[in-house]
1. Name the strands (runs of 3 or more DSSP E) wholly within the stretch 69-179 that hold at least 1 residues that are among the aliphatic types (A, V, I, L, M)?
2. If I ask for residues that are among the hydroxyl-bearing types (Ser, Thr, Tyr) and under 22 Å from ILE588 (Cα atoms), which ones from the stretch 542-564 would you list?
3. Spot the failing condition for THR86; the list is (1) over 28 Å from the mean Cα position of the chain (by Cα); (2) of a type in the set (Val, Ile, Thr); (3) crowded, with 21+ Cβ neighbours inside 10 Å, and only one is missed.
4. From (1) in contact (Cβ under 8 Å) with a residue 24 or more places away in the chain; (2) at negative phi, pick out the condition that doesn't hold for ASP594.
5. Restricting attention to the stretch 697-733, report how many residues are outside any loop (DSSP other than H, G, I, E, B) and under 26 Å from LYS249 (Cβ atoms).
6. Could you check the stretch 588-613 and list, in sequence order, the residues that are surrounded by fewer than 15 Cβ atoms within 10 Å (Cβ to Cβ), acidic (Asp, Glu) and in a helix (DSSP H, G or I)?
7. Might you check whether a residue that is touching a Ser or Thr at 6+ places or on another chain (Cβ under 8 Å), under 30 Å from PRO87 (Cβ atoms) and surrounded by 22 or more Cβ atoms within 10 Å (Cβ to Cβ) occurs anywhere in the stretch 580-587?
Amino acid sequence: MADDLPRPHQYDYATGGWGSVKGMTRIELKAKAAPGALLTLKDQNKPGGYMCSSCAWTKPEDPHAFEFCENGAKATLWDLTIDRCTPEFMARHTVTELRGLGDYALERLGRLTEPMRYNPATDRYERVAWRTAFDEIGAQLRQLDPKSVTFYASGKAALEPSYLYALFARAYGHNNLPDSSNMCHETTSVGLKKVIGSSVGTCQMDDFDHVDVIFYMGQNPGTNSPRILHTLQKAVQRGCKIIVFNPLKEKGLREFVNPQNPIQMTIGKPTRIDHMYCQVRPGGDIAALMGVCKRVLELDREAREKGAADVLDRAFLDAHTTGFDAFLAKVESTGWDEIERASGLSRAEMEEAGDIYAKAGNVMGIYGMGLTQHVHGSQSIGMLVNLLLLRGNIGRKGAGCSPIRGHSNVQGQRTVGITEKVKLAPVEKYRELFDLETPEEDGHNTVSFLEGVLDGSNKGYIGLGGNLAKAVPDHELVHEAWGNMELTVHVATKLNTTHCMPGKNSWILPCLVRAEEDMQAGGSQWVSMEDSFSHIYGSRSSRTPASPHLKSETAIVCGLAKATLQGSHPKLTWDEWTDDYSRVRDCIAATYPDEFHDMNARMNKPGGFYRGNAAREREWKTDSGKAEFTDPTTLNACGIGDAEGRFHLVTLRSNDQFNTTVYGHDDRLRGLSGSRMIVMMKPEDMRAHALAEGDMIALVTDAGEAPGGRNETQRRVGGLKVVPYDLPTGTLAGYFPEVNPLIPLWYHDRLSQTPASKGVPVRIERA
């Protein structure tokens, strides 16, 4: 690097190790975790214990002594704080005052303790009895057109309340059931299903014992899912090669020290994780994967010319796929110069990756939101599947496609009926089991819900967890309109910004966290959830709840439903389901008998139970009945190309963060700390724009006109400090949700409407 360029920030140590221990300890002190909270962690992710409320990584059949990671521990300790946000505290502060604090300060106020109703005359939340809250909310819901109300679900809610929430919505009269999947992996649900007939990944944990090569794309395990690093380390030590495609050089994909290994923690060396690290441009994965495919096809042609064995698995291609010829023609007609320009990689890099792929017996594709959150994210997923199909790397041991989910039960919620799409809802089973006729129209996803907020057609909002108004794009427009809704109801554990934007009638209903005991009339209750590998686990804890006034998510959903529906559907037995969650699981098993039969008996088996995946068995539930090659229409997924002065902004989480929950201001694994109002920039780009480290700038959206010219405004975030970082040319990075105001609501994946947060076109303005 030239002497006059600033040195990029970086973390000088391996992921994990003592840094992880120190990070967890720091958050324990900051959270003011209750006495015994650390002991609670010993049961985390273990059979008979409780399942982590952080990421959706699998819970092993044979767990380690400490089966939690740094971020999973942070989530639990954050939940088990001794601080309390009481009605007395709320009486001393207006909502306007509280909103000005920001989410970090609001979270640190502690656990909500009692239900509260907003009083617009005093601009305060005030204590209200549970029965009164249920009755008043139910009366409000009956006054509204059901199709003008949206029921949102955070991905943390367990299977039992999620199933009942979806049932309640449809009995009330709508399919407006967006969840956090709309913000992240809906592109998987749509794009993956289109090409292999499955909306979820095809891999299982034991596949990692047999995989030879992993293509790891657009996911940061060090921050987002640290427990996967144990699995990757084991695979690498066995000889597996991991090829990474990611704009940022994330430390978790470079080297790792296992905190559970005393030798490695003391005298051992870090494990190198990546075999190759390809710094692809934002959205450049389509081109990068095409380059790899192009090399594999060239190797196959050369082999055939020499009379050697085929590189492609032609038996698999003939029996199980369609569209190969069109894909082949597209690859052959696309030149290397185009591919290099669109990907940001050299031909040599892509050819090397292709050589490794062609020689590997079993290959797995792992990806995160770096693929899904683009205008053409579905095509990125399609290209990854194209690569896997060339050698039959779906539907056999040691191979497959594995999206890594974020929220602990976001995949499970979709499985048990939280979906806006009628064709995915179990409407026939609702009719059979409950004599329930459900609405025939598709409902709102998150984007269409927000459009309804903006145009005034959406009158009510129920939030089963989450901080949705902060997580969404287009803050200026959305926040201005949010309070115009007639009804806003929040099921929550701590205060956040969305609660401080009350509608004309608004309630906060405080709930248990998963690490607390859920005691009902039928005794201490189990809940369940689904991981990224489609395994179902039971979860139960014995921690004393933060307040005797808290209710479980299941009890709250049932209370709201009973008060709203008033016995109009006799087979919906809300009281019985509240008393004993095993009865809810009986309903889930009856609704989905092929996947959930004997649910109560199976969910507490070590490792849970697998609900199955047809694509893993090479049964392709696509329109064609086969796995489908896709012919990409673009080489870059961003949707908006390059222009003079235009950058593409990637949004990120920090190491002290889980979605909108910020535990602190340390991003240890990137060598950054102290502020979240930063923008990371390549040193060469800094010099080209006459910027020095510490300079203050603003970013302005450069996306052009919205379709139809609607919902337009200037999108600008100022007060951002420039920091040098190792990034591709023309790439910026900043923190979610601080830079979310820059993302237009209409800037989303073409098929799934997932916000395109990983390549937002922006320009720099001097502060």
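The values are calculated or read from the model by the stated rules, or taken from the named source; none is laboratory data. Computed from a prediction, not measured in an experiment: that's the story for all the values here. Cβ placement follows ideal geometry from the backbone for every residue including glycine, while neighbour counts extend to all protein chains displayed.
1. Working: elements: 116-119, 124-127, 149-153.
Hits in the stretch 69-179: 116-119, 149-153.
2. Of the residues in the stretch 542-564, the ones among the hydroxyl-bearing types (Ser, Thr, Tyr) are 542, 544, 547, 552, 554, 564.
Selection gives SER552, THR554.
3. The failed condition is (3).
4. So ASP594 meets the others, but not (1).
5. 11
6. The one that is surrounded by fewer than 15 Cβ atoms within 10 Å (Cβ to Cβ), acidic (Asp, Glu) and in a helix (DSSP H, G or I): ASP594.
7. Taking the stretch 580-587 as the starting set, the residues that turn out to be touching a Ser or Thr at 6+ places or on another chain (Cβ under 8 Å) are 581, 583-585.
Cutting the leftovers down to under 30 Å from PRO87 (Cβ atoms) gives us 581.
In the following step, the residues that additionally are surrounded by 22 or more Cβ atoms within 10 Å (Cβ to Cβ) were identified as 581.
Yes: the stretch 580-587 contains one or more residues that are touching a Ser or Thr at 6+ places or on another chain (Cβ under 8 Å), under 30 Å from PRO87 (Cβ atoms) and surrounded by 22 or more Cβ atoms within 10 Å (Cβ to Cβ).
Residue-wise test of (1) more than 27 Å from the chain's Cα centre (by Cα); (2) closer than 27 Å to GLY173 by Cα; (3) assigned by TED's automatic domain parsing to the domain that holds TYR152.
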position	(1), (2), (3)
GLU516	no, no, yes
GLY522	yes, no, yes
THR544	yes, no, yes
VAL557	no, yes, yes
LYS562	yes, yes, yes
GLY567	yes, yes, yes
PRO570	yes, yes, yes
ARG585	no, yes, yes
LYS605	no, no, no
